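The values are calculated or read from the model by the stated rules, or taken from the named source; none is laboratory data. The structure presented is a predicted model; accordingly, all values stated were derived computationally and were not measured. Positions of Cβ are backbone-derived with ideal geometry, glycine not excepted, and every protein chain shown enters the neighbour counts. SASA here: full protein model, heavy atoms, side chains in, ligands and nucleic acids out. Shrake-Rupley method; radii C 1.70, N 1.55, O 1.52, S 1.80 Å.
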Amino acid sequence: MIFQFLGGLGLFLFAIKFMGDGLQKAAGDRLRDILDKFTTNPLMGVLVGIVVTVLIQSSSGTTVITVGLVSAGLMKLRQAIGVIMGANIGTTITAFIIGIDVGAYAYPIMAVGAICLFFFKKSMIQNIGQILFGFAGLFIGLELMSGGMEPLRDWQPFLDLTVQMSEVPILGVLVGTIFTLVVQSSSATVGILQGLYAEDLISLQGALPVLFGDNIGTTITAILAALGASTAAKRAAATHVLFNVFGTVIFMLILGLFTNYVEWIASVLNLEPKMQIAFAHGTFNVVNTIIQLPLIGVWAYIVTKLIPGEDSVIEYKPKYLDRNLIVKSPSVALGQAKMEVVRMGEYSIQGLEETLTILKTSDAKLIGTVGQLEEAINNLDRKSTEYLVELSKQSLSSHDSQVHHALFENIRDIERIGDHVENIIELLQYKDSNRVRLSDEAFKELEDMFVYTLETVKMAIEALDNRDTTLASQVLAKENEIDNMERRLRKLHIKRLNEGTCSGSAGIVFADIVSNLERIGDHASNIAETVIS
């Protein structure tokens, strides 16, 4: 019984994720853009939360993306609270899907999905196949779990537990919370609850508190995503917990009334048992959101007090690009563009510093920060380039035209520095995952070249910021030294290989990191040359 239940649960969880991935790919991987653009106010945030959760079939997934956006500075806490509320409503769609009994057609649907996956090369058809395969797997997993749970109707300890849950509703809340904490999917817990209720193994009075507990348990994923993240991300996760706990408290106080409502709606609409749970789940989340939507400011204030501290976020959005200035004052707009390019450069320096720390400490937590910095650089690259293109349509003086052209060059070089940093991160990940060990001598040489290259990039960005030609000339001299270092280190590396003090795989990592650092030096030199010219 246990094996069948666990196997069904495993298939259900896999199917939900597989279907969600297929939906996400079919919709295009623009979920973050949707969240960023359309969450202008809390109500829009709720709607976006619903849509994204329906697309990826996971409220936890939406919440994790939202926590990531808050951490990245792409979304304010108030916007995030709205999205989290919407995610709770969006997840009820899965319960309604389960409520529609298409189990009899699950196997042919899975067969169609498999045909689309394995016999077609077009990505869109493969995505549809993935959605169908996951959709069918969801019902097959549920059937397996239901079959596994059938003997429970004669097992006295379980019958006693369900009676207790009916008499002591708080016990049901705890059961729902703990099970969802373990499984990390409220959809799975609700699906199991629908099966138990349909098999008449639990009363409605006992099932509803479990349903409320599921909503508390699902917050664990957001909490895990916020561990080690920014203060704002932790606040977003805390809001998710408080929102669901507060909603559960409200509904536990009116449990009798809510039970009567579910029974009434079931009789009016002639609902099947599974659909009754789906309606209860949907009503709980919709009403909870309506009640708490006006309290967004209150929740934001409470979590700010609960989790104090200044928040350091990586701002993806441009700070200085004002489109109104392009027509009104092109010269001032050019100065603003330069400030944004310098900001890009500061991100590239920060990425290099974090990468140097990873080289020294092998701290994998910092890899996410470097990834965020690279995404921020790429975003600022796009926005700054668009801004400069618009600016090129205006009448610029000869000097401003030269600066305009130089900024285009600077953007390209800074973006390339970010790419090389990303390459080094991949090499360090390869080193750690394959247990490649660098000799102490090789490690010291790498560290020295890294520090020297970092200093060169810092000087180049400072020269760009202050239009300091003396500092720019020093950058050119340092870049020559980086070239010399690269040649010298390669010779020493070959010598170690010949002597057998360094393995071949360690040699590849060493040589590739040195090569990337040399290319970073070249881009720093390019920035310096634009300052001089």
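Numbers below:
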item	result
Gyration tensor over alpha-carbon atoms, the chain, equivalent ellipsoid semi-axes in Å	53, 29, 21
Convex hull of Cα atoms in region 205-312, direction-averaged projection (nm²)	7.6 nm²
Prolate/oblate/rounded call for region 191-262, Cα gyration tensor, a/c under 1.5 rounded	oblate
Residue-level accessible surface for MET275, protein heavy atoms, 1.4 Å, Å²	30 Å²
Solvent accessible area, Å² - VAL421, 1.4 Å probe, full protein context	10 Å²
For region 282-404, convex hull of alpha carbons as volume per residue, Å³	199 Å³
The chain, accessible area per residue, ligands and nucleic acids excluded (1.4 Å, Å²)	45 Å²
Centre separation in Å (Cα based) which lies between region 456-533 and region 299-361	26 Å
Gained length - SER533 relative to LEU476, 0.36 nm times residue gap less alpha-carbon distance	19.2 nm
The chain - percent relative contact order, Cα under 8 Å, separation 6 or more	13 percent
Net charge of neighbours whose Cβ lies under 13 Å from the Cβ of LEU497, counting Lys and Arg as +1 and Asp and Glu as -1	+2
In nm, spacing of pseudo-spin labels at MET1 and LYS319 (7 Å Cα→C-beta vector)	6.3 nm
Region 334-412: relative contact order in percent, alpha carbon pairs under 8 Å with at least 6 residues between	42 percent
Added length on full extension, which subtracts the Cα-Cα distance from 0.36 nm per residue, TYR452 to ASN260	61.9 nm
Subset of LYS234/LYS274; LYS338/LYS478; LYS317/LYS338; LYS319/LYS478; LYS122/LYS431; LYS76/LYS393 violating a 26 Å alpha-carbon distance limit	LYS234/LYS274; LYS319/LYS478; LYS122/LYS431; LYS76/LYS393
Exposed GluC sites (Glu not before Pro) absent: longest stretch of the chain, with sites in DSSP loops and at most 16 other Cβ within 10 Å deemed exposed	316-533
Solvent accessible area, Å² - ASP381, 1.4 Å probe, full protein context	40 Å²
Carbon and sulfur %, accessible surface of the chain computed with the full protein complex present, 1.4 Å	60 percent
Estimated distance in nm for a label pair at GLN164 and ASN378, the labels positioned 7 Å out from Cα along Cα-to-Cβ	5.2 nm
Cα-based Rg / Dmax (Å) for region 403-465	15.4, 47
Net length gained if the chain between GLU390 and PHE14 were fully extended (0.36 nm per residue, minus Cα distance)	130.6 nm
Theoretical ellipticity at 222 nm over the chain - DSSP helices of four or more residues, -39500 (n - 2.57) apiece, nearest 500	-28500 deg cm²/dmol
Heavy-atom accessible area order for MET1, MET459, MET165, largest first, 1.4 Å probe	MET1, MET459, MET165
Helical segments meeting 27 Å axial Cα length and Kyte-Doolittle 0.5 threshold in the chain (DSSP H)	2-27, 123-149, 231-253, 504-532
Where PHE18, PHE139 fall by accessible area, highest first, once all protein chains stay in place (1.4 Å)	PHE18, PHE139
Rg/Rh ratio calculated on Cα atoms of region 415-533 (Kirkwood radius)	1.04
Accessible area, probe 1.4 Å, largest first, for residues VAL327, VAL175	VAL327, VAL175
Alpha-carbon gyration tensor eigenvalues x 5, square-rooted, for region 484-533, Å	30, 10, 4
